């Protein structure tokens, strides 16, 4: 994850400033919150599931929020902060570093585009751009579209009408059809008895070269890492991609498919219409998922699945014959 240019960042903070009610062995100053693989020796990270342990590449983070059961999987160089609820404590840390990232408010820097600043970009009517927005040459932007501050859009892109792009970096030759909403906050909160606690989303969306989004797609930005749509990957109309989902290159996703957060797809994946992909799954390369299927577990490379829950196609057909 590259430097965050989309959200105001506070800090650095000492751990004692962040965790006033937790007894810590020593005082450490941290400058940011990062995922296990992205964290450096000045960052705080978190580990809440054995699924995210990478023994071959241990985290370089200065400290880590985790549970008593998971602490043995972390390197000795990392100061451990043992808590009962990792995501609850992580939410409080994020709100400390990024106090304005829990709610998406309208960009106050929006203004109509200047031909002097974008001489080789064609704009429709009633387009608004945020501060420090960059758009490559030969890109077309449709009417009533909003592109917020610091967004980067490459060359030869086609952006439709009534599109909103925020917290995103878009490659070259990308097509975004009418009505798409990209880079919005995902559906993340900590359920509490009195009032739900909103979970800040401080990542971004990366749309790689030659990707295409059909009409009315919604692509949530990452919570801490990034949401990624790979090169030459095409999404049909009304596809929803939740926070931290990573879709590989050359994938084809049909209409009304929904992805829950943090699932990762390989290259060359095809998904039929109205299928649902649960969160935190790994879908291999060249996987084919039938329309209307419900995927609730990992799928290895070159597998064809169908049904709910999704099973290998031969098993699905065999079960049909039994009915």
### Query
How many residues does the stretch 156-173 contain that are in contact (Cβ under 8 Å) with a residue 24 or more places away in the chain, crowded, with 24+ Cβ neighbours inside 10 Å and under 10 Å from residue 139 (Cα atoms)?
0
### Task
Return yes or no: is residue 196 closer than 25 Å to residue 94 by Cα and at pLDDT below 95?
yes
### Message
Being under 30 Å from residue 63 (Cα atoms), in contact (Cβ under 8 Å) with a residue 12 or more places away in the chain and not assigned by TED's automatic domain parsing to the domain that holds residue 211 narrows it down to one residue among 103, 153; which is it?
### Response
103
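Within the stretch 275-293, can you find the residues that are more than 19 Å from the chain's Cα centre (by Cα) and surrounded by 15 or more Cβ atoms within 10 Å (Cβ to Cβ)?
275, 285, 286, 287, 288, 289, 290, 292, 293, listed by residue number.
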### Message
Can you tell me how many residues within the stretch 234-264 are closer than 20 Å to residue 297 by Cβ and without any contact (Cβ under 8 Å) to a residue 60 or more places away in the chain?
### Response
16
### Query
Of all residues in the stretch 52-93, how many are over 19 Å from residue 29 (Cβ atoms) and either touching a residue at least 40 places away in the same chain (Cβ under 8 Å) or in a loop (DSSP other than H, G, I, E, B) (or both)?
20
### Task
Could you grab me the full set of residues in the stretch 283-323 that are more than 19 Å from residue 252 (Cα to Cα), assigned to a loop (DSSP other than H, G, I, E, B) and in contact with a strand residue (DSSP E or B) (Cβ under 6 Å, 6 or more places away or on another chain)?
308, 309
### Message
Kindly evaluate residue 113 against the criterion of being out of contact with any strand residue (DSSP E or B) (no Cβ under 7 Å at 6 or more places or on another chain) and surrounded by fewer than 18 Cβ atoms within 10 Å (Cβ to Cβ).
### Response
no
### Query
What single numbered condition from (1) surrounded by 16 or more Cβ atoms within 10 Å (Cβ to Cβ); (2) at pLDDT below 90 fails to hold for residue 78?
(2)
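The values are calculated or read from the model by the stated rules, or taken from the named source; none is laboratory data. Note that the coordinates shown come from a computational prediction; the quantities given were computed from them, not determined experimentally. Cβ: placed from backbone, ideal geometry, glycine included. Neighbour counts: every protein chain shown.
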